[in-house]
Amino acid sequence: MAEVIDRVELSGIVKVRDIILKLEKPYRLESGEPSFDVPAHIKEAMVRALHDNQTHYVASAGIPELRKAIVAKCRTANGIPVASTAETIVTNGGMHALYCLFRALLEPGDEVLIPDPTWTCVQHLITLCGGVVRRVPLHESRGWTFEPAELQAAITPRTRALMINSPHNPTGGVLGRADLEAIAAIVAAHPQLTIVSDEAYEHVIYDGTAHVSFAALPGMYARTASVFTCSKSYAMTGLRLGYVVTPDAQVLDRMQKVVLYTANGVNSIAQWGGVAALTGPQDEVARFRAEYQARRDLFYAGLRDIPVFAGAPPAGAFYAFLRIADGWTAPDGRRDSWAMTEYLLGARVGSSPGVIFGPAGEGYLRFSTACARTDLTGALAAMRALFG
């Protein structure tokens, strides 16, 4: 297993970050970090928990109050028929949730189908857990969704899980009900398959589009492990709070052991913040979403003057995943996504090369629009000067 770690690379986004942090007044469009602060009622709940001395060891699966809040939220907001708190577990953020889940699901050599492109960490989490990554392309022409026939063709006797991520990082694609129903029909024909549904961006969705949880489809809860996080919806990135719901008792038992022996549970104060987040007012979530949409629209309006990039505005998440014009060439003769990322760094603009999200991402760049409007307008001005 030590050798497996040697085969896992540090994220390409981290490599870009290490460079951009050395620049003076950079435009930080490389990282999916909300610019908002944690809503006041969540901070107050955490301060109250400190004063009430809620700082001791807690149950490794999560405090009862938070698990009850998770059940209520998943039933009402997501339409997932969670029966009880026994079908929930709390983790140290969404990434930890995925790691614990893949450890609980996979035997060595088991295959996991993932979208191509997809969030950089997923492939490495699967590798660390002994699994084999199999990529299934998403198609820009379909709004960055699967072609069902390609998904069906990718399944082998060793396929243990299919990971879906909607709204999607890095493309912003959203799987609508019809897309999910097509996936459900495939899952129904393959009893060995578990759906890992990463819903980190469930509240970052635009133009009146509805977020649909796969586990809410008829008969699919039994086949699904749904992964959520408070990072994006409530700007709680540094507090590291995620959770999983599934009716699979064996998977949950295994996950609890992984949580126990990797972290001995989740920070107690963050969990009380999570209770306030899930049970308190959702006004700030709505405000964040409206502002994310405004930033998306501002950025895409500015791109009209920068023809080296092309692509439709995303339906969800807070990224712009843009095609690089065929005719563009870097000063050193390179034309790939890393070359463009490095070229933009010369103008103090951060971005993420598409290839780090998978082979299908080559020829694209990801910009985060989660930063402040001043960063977006500054980056646009810098790129206009660079390409003008």
Give just the number: which of (1) within 30 Å of ARG103 (Cβ to Cβ); (2) surrounded by 21 or more Cβ atoms within 10 Å (Cβ to Cβ); (3) touching a Pro at 6+ places or on another chain (Cβ under 9 Å); (4) not hydrophobic (A, V, I, L, M, F, W, C) does GLY274 not satisfy? (3)
Please list, ordered by residue number, the helices (runs of 4 or more DSSP H) wholly in segment 71-160 having 2 or more residues that are small (Gly, Ala, Ser). 93-105, 148-154
Pick from segment 41-69, criterion among the acidic types (Asp, Glu) and outside any loop (DSSP other than H, G, I, E, B), ranking: nearest to the chain's Cα centre (by Cα): GLU65
Within segment 126-146, tally of residues that are within 28 Å of ARG177 (Cβ to Cβ) and either in contact (Cβ under 8 Å) with a residue 60 or more places away in the chain or among the hydrophobic types (A, V, I, L, M, F, W, C) (or both): 10
Could you pull out the residue among ARG323, ARG295 that is modelled with pLDDT of 95 or more, basic (Lys, Arg) and touching a Leu at 6+ places or on another chain (Cβ under 8 Å)? ARG295
Test: residue in segment 361-371 that is assigned to a loop (DSSP other than H, G, I, E, B) and either without any contact (Cβ under 8 Å) to a residue 60 or more places away in the chain or assigned by TED's automatic domain parsing to the domain that holds ILE89 (or both): yes
Which residue is farthest from CYS74 (Cα to Cα), if the candidates are limited to segment 177-203 and must be of a type in the set (S, T, N, Q) and assigned to a strand (DSSP E or B)? THR194
Boolean, THR118 is more than 21 Å from LYS257 (Cβ to Cβ) and of a type in the set (Ser, Thr, Tyr): yes
What are the pairs with Cβ atoms under 7 angstrom where one residue, in segment 373-387, is within 12 Å of VAL308 (Cβ to Cβ) and the other, located anywhere, is outside any helix (DSSP H, G or I)? Sequence gap at least six, or different chains. MET383/ILE306; MET383/ALA347; MET383/VAL349; ARG384/ASP305; ARG384/ILE306; LEU386/ALA347; PHE387/ILE306; PHE387/VAL308
Would you mind telling me which numbered condition in (1) farther than 18 Å from HIS168 by Cβ; (2) of a type outside the set (Phe, Trp, Tyr); (3) within 19 Å of the chain's Cα centre (by Cα) VAL275 fails? (3)
From the list ASP326, ASP332, ASP305, exactly one residue is part of a loop (DSSP other than H, G, I, E, B), among the charged types (D, E, K, R) and touching a residue at least 60 places away in the same chain (Cβ under 8 Å). Which is it? ASP305
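The values are calculated or read from the model by the stated rules, or taken from the named source; none is laboratory data. The model shown is predicted, which means the values in this text are computed figures rather than measured ones. No Cβ is skipped: glycine too gets one built from the backbone with ideal geometry, and neighbour counts run over all protein chains shown.
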